[in-house]
1. How large is ³J(HN,Hα) for each residue in region 92-97, as worked out from phi by the Karplus curve 6.51 cos²θ - 1.76 cosθ + 1.60 (θ = phi - 60°), to whole Hz, x for Gly and Pro?
2. Would you mind telling me the share, in percent, of accessible area of the chain contributed by carbon and sulfur at probe 1.4 angstrom?
3. With 20 Å as the limit, write out which pairs from Lys63/Lys95; Lys18/Lys144; Lys63/Lys96; Lys34/Lys130 have Cα-Cα distances beyond it, or answer none.
4. Taking H placed 1.01 Å from N in the peptide plane, check which residues at least 5 places from Ile43 or on another chain put their amide H under 5 Å from its amide H.
5. Relative contact order, percent, of region 14-151 when contacts are C-alpha pairs under 8 Å separated by at least 6 residues?
6. Tell me what the chain gives for mean residue ellipticity at 222 nm when only DSSP H runs of n ≥ 4 count, each as -39,500 (n - 2.57), the sum divided by the residue total, rounded to 500 deg cm²/dmol.
7. Give the accessible surface of the chain per residue, rounded to a whole number of Å², with probe radius 1.4 Å and ligands, DNA and RNA excluded.
8. Mind listing the long-range amide H neighbours of Phe83? Cut-off is under 5 Å, sequence gap 5 or more, other chains count too, H placed in the peptide plane at 1.01 Å from N.
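The values are calculated or read from the model by the stated rules, or taken from the named source; none is laboratory data. Only a predicted model underlies this, so the values are computations on that prediction, with no experimental measurement involved. Cβ atoms come from the backbone with ideal geometry, glycine included; neighbour counts cover every protein chain shown. What goes into the accessible areas is simple: the full protein's heavy atoms, side chains included, and nothing from ligands, DNA or RNA. Shrake-Rupley method; radii C 1.70, N 1.55, O 1.52, S 1.80 Å.
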Amino acid sequence: MDIVIKINKSSELPLNEKEVRSCLDLLFKEIGCKQHNRLSLTIGFISNQSIRLLNKKFRNINKTTNVLAFSELDFNDSLCDGFLGDIVICLSVLKKEAKMRSIKLSDHLAHIIIHGTLHLLGYDHVDNGKVKIMEEIEISVLRKLGISNPY
């Protein structure tokens, strides 16, 4: 799997690329994608202002958020081949959330990367039936990583 991680040089990530890859390997195994080594995605870390602007532009919501996902997947193609898309994460929002919930930042970031990747794959939390499926996948993968249920 090709993962490109883009980050402001002044920031430090609580997970390294190997740990991110482990999260995603477990996720793809969980959803039954055995050939995920042919997939690629980009994870970018951006500022509060940047994520707010993107949230406003693409979702018409004028506030910061922790993650946005921009899928490039053509759902008529194989789900296990090609460029999935871009995930953008606001680390400062994650830090606040982790502190408020008294959880480790690395655990929260792992969850958000899994969550964002599921969005790239077409999972959403718009209707109650789909949100349950998405959450069950997240909980299962996080459990395998030794991370508590975030819900």
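1. Once θ is set to phi - 60°, the couplings for region 92-97 become 5, 5, 4, 4, 5, 5 Hz.
2. On the way: 4220 of 8700 Å².
Answer for the chain: carbon and sulfur cover 49 percent of the accessible area.
3. Values: Lys63/Lys95 17 Å; Lys18/Lys144 16 Å; Lys63/Lys96 15 Å; Lys34/Lys130 23 Å.
Listed pairs above 20 Å: Lys34/Lys130.
4. Under 5 Å from the amide H of Ile43: Val4, Ile5, Lys6, Ile87.
5. Details: 188 pairs, mean separation 37.5, N = 138.
The normalised contact order for region 14-151 reaches 27 percent.
6. Details: 5 runs with 70 residues, N = 151.
Calculated from helices alone, the mean residue ellipticity at 222 nm is -15000 deg cm²/dmol.
7. On the way: 8700 Å² over 151 residues.
Per residue, the chain has an accessible area of 58 Å².
8. Amide H neighbours of Phe83: Ser40.
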